[in-house]
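The values are calculated or read from the model by the stated rules, or taken from the named source; none is laboratory data. Predicted, not measured: the structure shown is a model, and the values here were computed from it. Ideal geometry is used to build each Cβ from the backbone, glycine not excepted, and the neighbour counts take in all protein chains shown. Accessible surface is based on the protein model in full, side chains and every heavy atom, while ligands, DNA and RNA are left aside. Shrake-Rupley method; radii C 1.70, N 1.55, O 1.52, S 1.80 Å.
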Amino acid sequence: MQFQDFSVHAAVGKLAALARTPHDLTAAGGLTAQRLGEMKASFCGFDLLYATQRVTPEVLDALQELADEAGLIAAYTAMRQGEVLNRIEGYACENRQVLHTASRDVFADPPMEPEASAKARRELEKLRIFLDELADGTLVNAEGKSFTTMVQVGIGGSDLGPRALYMALRAYALPGRSARFIANVDPDDVAEVLSGLDLSRTLFNVVSKSGSTLETLTNEHLVRARLVQEGLDPARHVVAVTGEGSPMDDPAKYLRSFYMEDYIGGRYSATSMVGLVSLGFALGFAAIMEILRGAHAVDRGAADPDIRANLPLLMAMLGIWNHNFLKHATVAVLPYSQALSRFPAHLQQCDMESNGKSVTRQGKAVGWQTGPVVWGEPGTNGQHAFYQLIHQGTEVVPAEFIGFRQSQYGLDLNVEGTGSQQKLIANMLAQSLALALGRHNDNPARCFPGNRPNSVLIADRLTPHAMGALLAIYEHRIVFQGFCWNINSFDQEGVQLGKILATRLLDLISGRTASTEANPLEESLLKQAGIG
Ligand code: G6Q
């Protein structure tokens, strides 16, 4: 696959010219019922309403040209087929395939990359057997009682996606089952999660692809020590998910060991064993297969070259329009769904760790903007907090609203003519309109400038299938943008320096490094911070 610099594409010049006079949503006829009907894409159970973006059909045509010129669909297909795309030409790098889609290509015959999907099927089968044994009483604690809680111990990609998905779907948890998560090396995180748990009925799921992550290994020691303190045998209470051959690949130490492959990046690993073991424990095997089916449907749909039909591609291109051409530095993801409360945190990692890069795939400095700052919180809570800046601040923040027509639990009450779910969605749609249209007022403090780009992504209900689809929509949006910017969205060199310095500080604190050998700056920093 040949990637070219973003700046060489003819469509880039065209879009830059169009961006000088972006569509005015506040003008008479700027946002009409007809426009609302025309600027809508339906895909895998989701509708994207994007009439409130500052685009015209001409802009969309130019974005289509850019997607075509940059070969985004060819690159996406090459990724799914197992081309080595996690690389920087001519430099030391991870040099790996990028095959998170293989973990849900298990329904296809033949799959896009048969070997990877065969491995995914094998792990799924191991998981199915494990879950059956937990359900039928084959796997119980020393007293013969069933396990009720699984605590996932992992960080970064081994935490954020699985946690976000669990929180999104716990409405569907099996009776008497739940999951908890420990990520931070802050001992209070462990203490808080363990307090109130009946450890005799708890399984710990230690998840680390590398098997060498400081936080996770430290927390594993802590939970094992707690199990021993309670008179429990860790070998009966701890399972592992890790890479084959990693320091954690020691089945004798664990009740069960599951594998993930090095061609699945941490932040893209929620649909591998990294996410599925805890999700399967809490929600059951049928539910995790639905997550995979939802993601797989999106994986297939994302191969459509038409940006008006391919929702992840459309979202990617609208994001590029807002970021590279209208010059908006951030994007807010605002789910009107309490269940999606950790989804923005997952996207922060998935997007910013993927596209927060400054060199091209050829190792040259980029001459254009790459990934935006991604942030967000659930609405309506956000409305009572930071929406002030989104409406009237000097920084224009493109917003991506996500909502569902029905609630998960169906527990609702009609108050003053409407149910809570209706109030929730009405608020989301109202925000979309308010941001786009603005409102004039003779009192300048009460003026809303409008023209704040946003779109609404809406589906019927947040089910396991819809969650799988939503996850994959965002994964592909991120990957398409990375391809378009000619960066490697699959490495994370930028997190290394901090890790190295933290190790050096810990060596000083523990006395492993004699202070004289140390960098005086580090010693002084510890002294000034009062740590020693
Ligand atoms: C994700 C990153 C990173 C990683 C964590 C945990 O893409 O690589 O967030 O997931 O550092 O790594 P381990 O799973 O190896 O413990």
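Applying a threshold of 7 Å to beta carbon distances and a minimum spacing of six or more residues, or different chains, the list of pairs starting in the stretch 125-141 at a residue that is free of Cβ contacts under 8 Å to residues at least 40 places away in the same chain and ending at one that is open to solvent by less than 40 Å² (accessible area, probe 1.4 Å) and of a type outside the set (Gly, Ala, Ser) reads Glu133/Leu139. Selection over the stretch 176-189 of residues that are within 26 Å of Phe130 (Cα to Cα), away from the ligand (no atom under 16 Å from the Cβ) and not charged (D, E, K, R) gives a count of 3. Quick check on the stretch 201-215. Is at least one of its residues within 22 Å of Asp249 (Cα to Cα), in a helix (DSSP H, G or I) and open to solvent by 20 Å² or more (accessible area, probe 1.4 Å)? Within the stretch 201-215, one or more residues are within 22 Å of Asp249 (Cα to Cα), in a helix (DSSP H, G or I) and open to solvent by 20 Å² or more (accessible area, probe 1.4 Å). Taken over the stretch 140-175, residues that are of a type in the set (Val, Ile, Thr), within 16 Å of the ligand (Cβ to nearest atom) and open to solvent by 10 Å² or more (accessible area, probe 1.4 Å) amount to 1. His391 meets the conditions (1) open to solvent by 40 Å² or more (accessible area, probe 1.4 Å); (2) at pLDDT 95 or above; (3) farther than 24 Å from Ser489 by Cβ in every case but one. The failed one is (1).
A quick yes/no check of all residues on (1) open to solvent by less than 40 Å² (accessible area, probe 1.4 Å); (2) assigned to a helix (DSSP H, G or I); (3) among the β-branched types (Val, Ile, Thr); (4) touching a Cys at 6+ places or on another chain (Cβ under 9 Å):
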residue	(1), (2), (3), (4)
Ala316	yes, yes, no, yes
Trp321	yes, yes, no, no
His328	yes, no, no, no
Ala332	yes, no, no, no
Gln349	yes, yes, no, no
Arg361	yes, no, no, no
Val374	yes, no, yes, yes
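Residue check: is Ala309 more than 21 Å from Ala116 (Cα to Cα) and either in contact (Cβ under 8 Å) with a residue 40 or more places away in the chain or touching a strand residue (DSSP E or B) at 6+ places or on another chain (Cβ under 8 Å) (or both)? Yes; evaluated as a whole, the condition is true for this residue. Across the stretch 207-234, the number of residues qualifying as away from the ligand (no atom under 15 Å from the Cβ) and at pLDDT below 95 comes to 0. Residues that are among the hydrophobic types (A, V, I, L, M, F, W, C), more than 14 Å from the ligand (Cβ to nearest atom) and either within 21 Å of Gln348 (Cα to Cα) or crowded, with 21+ Cβ neighbours inside 10 Å (or both) within the stretch 258-286 comprise Leu276, Leu279, Phe281, Ala282, Leu283, listed in sequence order.
Residues are listed down the side, and each one gets a yes or a no for (1) surrounded by fewer than 19 Cβ atoms within 10 Å (Cβ to Cβ); (2) of a type in the set (Ser, Thr, Tyr):
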position: Ala19; (1), (2): yes, no
position: Thr26; (1), (2): yes, yes
position: Gly30; (1), (2): yes, no
position: Lys40; (1), (2): yes, no
position: Phe43; (1), (2): no, no
position: Val55; (1), (2): no, no
position: Leu63; (1), (2): no, no
position: Ala70; (1), (2): no, no
position: Ala74; (1), (2): yes, no
